[in-house]
Ligand code: UD1
Ligand code: MG
């Protein structure tokens with residue numbers, strides 16, 4: 001079969017060029033459209049500043065739209081030679097050579113419809129998540145309801161996966177192989193797992209939020225690490241069998257990086273715009289799309305470690321064991337200008353249930369929470385269960401940009417470690 005995503009780098013150069021364009025388009029559109037967004041009601045108050053100014057919100061919508069236009073314009077590039085070969089036209093020397101190969105019967109040329117289907121279904125998924133995200137920014141849907149939004153957006157992806165690959169078995173680590181065999185077929189459960197990744201990734205980015213820049217920097221770090229991981233496969237001395245899926249992944253990640261860097265220019269401390277839920281969902285879905293289509297969802301899970309921790313840590317509040325206020329972002333101390341952990345207050349008549357109280361005190365002992373008790377031992381307040389607040393419990397009050405830098409550094413270090421584990425230990429635990 002013809003190599004769909006030609007390994008000669010031309011589409012990659014086109015993708016890089018289009019990503020540069022995506023950066024400039026997003027950069028100027030955010031500047032132009034900010035006031036229009038405020039007028040349309042897309043605005044939010046920056047809570048961690050002395051002057052609680054209203055900033056345009058939902059700028060992720062601009063990113064999503066520019067991104068979608070760019071990946072749509074890009075469609076012909078990776079398929080150029082296949083299109084020409086399939087319609088047997090063309091005058092380009094490469095194409096003629098390519099056609100000669102076809103005629104000489106070195107391979108039977110068939111247009112790679114399944115690759116095109118993957119590409120298109122990825123675009124449909126991303127389009128759906130953009131629409132749902134904008135809906136959320138408009139109507140402020142409750143988290144309980146919006147948690148499952150990405151499940152709908154992942155359907156086109158899962159259908160194409162089912163039709164094209166249908167691989168639902170996982171490789172068993174060598175030490176367990178005597179008991180479980182080399183491969184273990186998860187069957188339908190594999191689809192539940194993939195839908196789970198698609199639901200988790202966008203939501204986990206959305207709840208690691210609340211200080212200037214953090215939504216964008218964490219997404220940029222994850223995208224850069226995924227792109228780095230792709231390059232590892234593309235730069236092998238021999239053509240790696242997974243070359244196609246990693247090129248596919250790069251074609252979706254590069255424009256994402258373009259629009260994200262443009263957004264970061266405005267969203268970094270002191271922010272001039274907010275990203276909105278649209279951006280968080282969109283970013284998470286880009287990661288889910290490339291990792292599901294590229295068969296490396298486990299690598300994505302490794303790169304999402306801080307998000308996974310933040311989600312698990314949030315569970316007591318997400319499930320209502322501890323009250324969950326509308327906003328859990330760190331508290332701004334106007335006197336010092338620094339951020340401190342935000343808290344959930346308790347009153348004498350509303351105290352945690354005894355088992356919950358025990359766990360809360362235990363978490364306080366091991367420095368995973370800050371609990372304030374009064375003289376009678378009643379709960380006065382507990383810090384909110386997010387990694388941002390926990391970081392402030394550990395490090396003491398920090399300025400907003402300092403906190404963002406430290407968390408981004410942590411995300412980078414853990415991500416690199418994750419990739420190291422993936423490639424270093426995988427060799428020990430799995431035969432590659
Ligand atoms: C999620 C979090 C919530 C957190 C919020 C902050 C959960 C379950 N939900 O809610 O705890 O407070 O994100 O984004 O964990 N804002 C700032 N500074 C920033 C970013 C946001 O003040 O740097 C404020 C602005 O008022 C902005 C609002 O947060 O309008 C955006 O909140 P939104 O994204 O709608 O909150 P959720 O995603 O629902
Ligand atoms: Mg949000």
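The values are calculated or read from the model by the stated rules, or taken from the named source; none is laboratory data. Note that this is a predicted model, so its numbers are computed, not measured. Note: ideal-geometry Cβ built from the backbone for every residue, glycine included; neighbour counts use all protein chains shown.
Sort out which residues of segment 314-329 are crowded, with 18+ Cβ neighbours inside 10 Å, over 22 Å from the mean Cα position of the chain (by Cα) and within 16 Å of ligand 2 (Cβ to nearest atom), and write them in order of number.
Once the filter is applied, which keeps residues that are crowded, with 18+ Cβ neighbours inside 10 Å, over 22 Å from the mean Cα position of the chain (by Cα) and within 16 Å of ligand 2 (Cβ to nearest atom), segment 314-329 yields only 317.
Kindly list, by first and then second residue, each pair from a residue in segment 269-284 that is under 15 Å from residue 47 (Cα atoms) to a residue that is within 9 Å of ligand 2 (Cβ to nearest atom) and in a helix (DSSP H, G or I), limited to pairs with Cβ atoms under 8 Å and residues at least 6 apart or on different chains.
Going by the 8 Å Cβ cut-off, the qualifying pairs are 275/215; 276/137.
Out of 311, 332, 385, which single residue is part of a strand (DSSP E or B), under 29 Å from the mean Cα position of the chain (by Cα) and modelled with pLDDT of 95 or more?
Answer to the check: 332.
Restricting to helices (runs of 4 or more DSSP H) lying wholly in segment 174-285: which have 1 or more residues that are more than 15 Å from residue 59 (Cβ to Cβ) and within 16 Å of ligand 2 (Cβ to nearest atom)?
Per the criteria, 188-207, 214-234.
Answer with yes or no whether residue 205 is away from ligand 1 (no atom under 16 Å from the Cβ) and either free of Cβ contacts under 8 Å to residues at least 60 places away in the same chain or under 26 Å from residue 69 (Cβ atoms) (or both).
So residue 205 does not fit the description; no.
What residue, among those in segment 399-423 that are in contact with a helix residue (DSSP H, G or I) (Cβ under 7 Å, 6 or more places away or on another chain) and surrounded by 19 or more Cβ atoms within 10 Å (Cβ to Cβ), is farthest from residue 217 (Cα to Cα)?
So the residue we want is 418.
Please verify whether residue 249 is over 17 Å from the mean Cα position of the chain (by Cα), within 21 Å of residue 118 (Cβ to Cβ) and buried (at least 18 other Cβ atoms within 10 Å of the Cβ), treating the condition exactly as stated.
no
Restricting attention to segment 361-371, which residues are more than 21 Å from residue 207 (Cα to Cα), in contact with a helix residue (DSSP H, G or I) (Cβ under 9 Å, 6 or more places away or on another chain) and either touching a residue at least 24 places away in the same chain (Cβ under 8 Å) or assigned to a loop (DSSP other than H, G, I, E, B) (or both)?
Scanning segment 361-371 gives a single hit, 367.
Please enumerate the residues belonging to segment 117-144 that are in a helix (DSSP H, G or I) and farther than 20 Å from residue 61 by Cβ.
If the condition is that a residue be in a helix (DSSP H, G or I) and farther than 20 Å from residue 61 by Cβ, then 117, 118, 119, 120, 121, 144 are the ones that fit.
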